[in-house]
Amino acid sequence: MSSIASIRRRPAGRPGPALAGAVLAVGVLLGAMPAGRARAAVPTQPLDDIGAAAIAALGAGDAQSAEAVLDPALRLARCSQPLQAVASGAKTAQVRCDDTPGWRLYVPVRVHREADVVVLATPAASGVPIAANQLVVQRRDIGDAAGATFSDPAALVGRIPNQALAPGVVPTEADLAVGRPLRRGDPVVLVSRTGGVEVRMPGRALGPARAGGMVQVENASSRRVLRGRMAEEGVVELLP
């Protein structure tokens with residue numbers, strides 16, 4: 001209070017340093033207010049439009065519930081043309097405005113889709129075929145499933161997990177190997193293709209592998225060590 005009083009008592013004329021600083025501060029504030037109002041007046045893109053574009057890009061429009069995750073405080077300039085959106089991942093879409101200047105935004109989408117699916121009632125060990133008594137059918141939300149699920153337990157019987165699966169897990173195609181995995185010492189058929197000619201010969205696996213995986217093998221006749229890809233159960237395609 002004493003400092004304000006001293007300013008008031010200063011004689012008329014050129015303001016002192018303290019008063020000049022106060023006037024400058026007020027001027028800055030007054031100058032910022034119109035700019036702030038101008039920014040507030042700029043039309044913004046409705047978040048519902050951004051979310052709808054992201055959901056459509058992921059093909060989630062047929063889901064029982066699909067939710068685009070957007071910050072309620074997000075403010076983007078309204079686009080003068082239709083928004084463009086493409087899937088950038090299994091659960092994320094890129095939404096962009098092609099104005100100049102424009103903007104782009106990556107939007108996560110939560111999808112909820114319920115269905116009757118096959119669920120593991122007991123643990124399933126890696127590399128061990130699944131038995132019928134390990135499976136039950138339950139109503140589940142499969143919106144976050146990483147692969148195709150199963151509705152018929154018979155389609156899963158005999159399939160082999162790539163890794164150990166816990167009870168309650170909804171197995172998907174991504175969890176299962178095609179055929180029995182190779183183990184070291186297993187007999188295999190080696191397939192060599194050159195110039196449109198295919199040659200098959202007996203061999204032996206020198207390491208473990210799953211369908212699509214790389215493995216070293218030994219030619220049973222020449223004892224030569226080769227490298228190939230496990231194309232299907234018991235079959236290894238040799239690399240050129």
* To do: Quick one: net charge around Val95, please, counting Lys, Arg +1 and Asp, Glu -1 for every other residue with C-beta under 10 Å from its C-beta.
  => +1
* Over the range 144-235, with every protein chain in place, what whole percent of the accessible area is carbon and sulfur at 1.4 Å, could you tell me? => 51 percent
* **Column: log10 I(q)/I(0), Debye, Cα scatterers of the range 80-121, q = 0.24, 0.30 Å⁻¹** => -0.84, -1.00
* Structure fact -> So Ala164 and Arg110, fully extended at 0.36 nm per residue minus their Cα-Cα distance, gain in nm 16.8 nm
* Structure fact -> Computed from every Cα-Cα pair in the range 98-154, P(r) in 10 Å bins starting at 0 and rounded to whole percents is 19, 35, 19, 12, 9, 6, 0
* To the nearest 20 debye, what charge dipole does the range 89-172 have about its Cα centre, counting +1 at the Cβ of each Lys and Arg and -1 at the Cβ of each Asp and Glu? -> 120 debye
* In nm², what is the average projected area of the convex hull enclosing the Cα atoms of the range 96-204? -> 13.1 nm²
* Structure fact -> Rounded to whole angstrom, the alpha-carbon centroid of the range 178-223 lies from that of the range 90-131 at a distance of 35 Å
* Roughly what would the spin-label model give for Glu237 and Val69, points 7 Å off Cα along C-beta, in nm? -> 3.8 nm
* **Whole-number percent relative contact order across the range 122-240, with pairs defined as alpha carbons under 8 Å at least 6 apart** => 20 percent
* To do: Give me the accessible area per residue for the range 84-140, probe 1.4 Å, as a whole number in Å².
  => 55 Å²
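The values are calculated or read from the model by the stated rules, or taken from the named source; none is laboratory data. Remember, predicted model here, so these are calculated numbers, not experimental data. Note that we place each Cβ from the backbone using ideal geometry, even for glycine, and neighbour counts take in every protein chain shown. Surface accessibility is based on the protein's heavy atoms, side chains included, excluding ligands, DNA and RNA. Shrake-Rupley method; radii C 1.70, N 1.55, O 1.52, S 1.80 Å.
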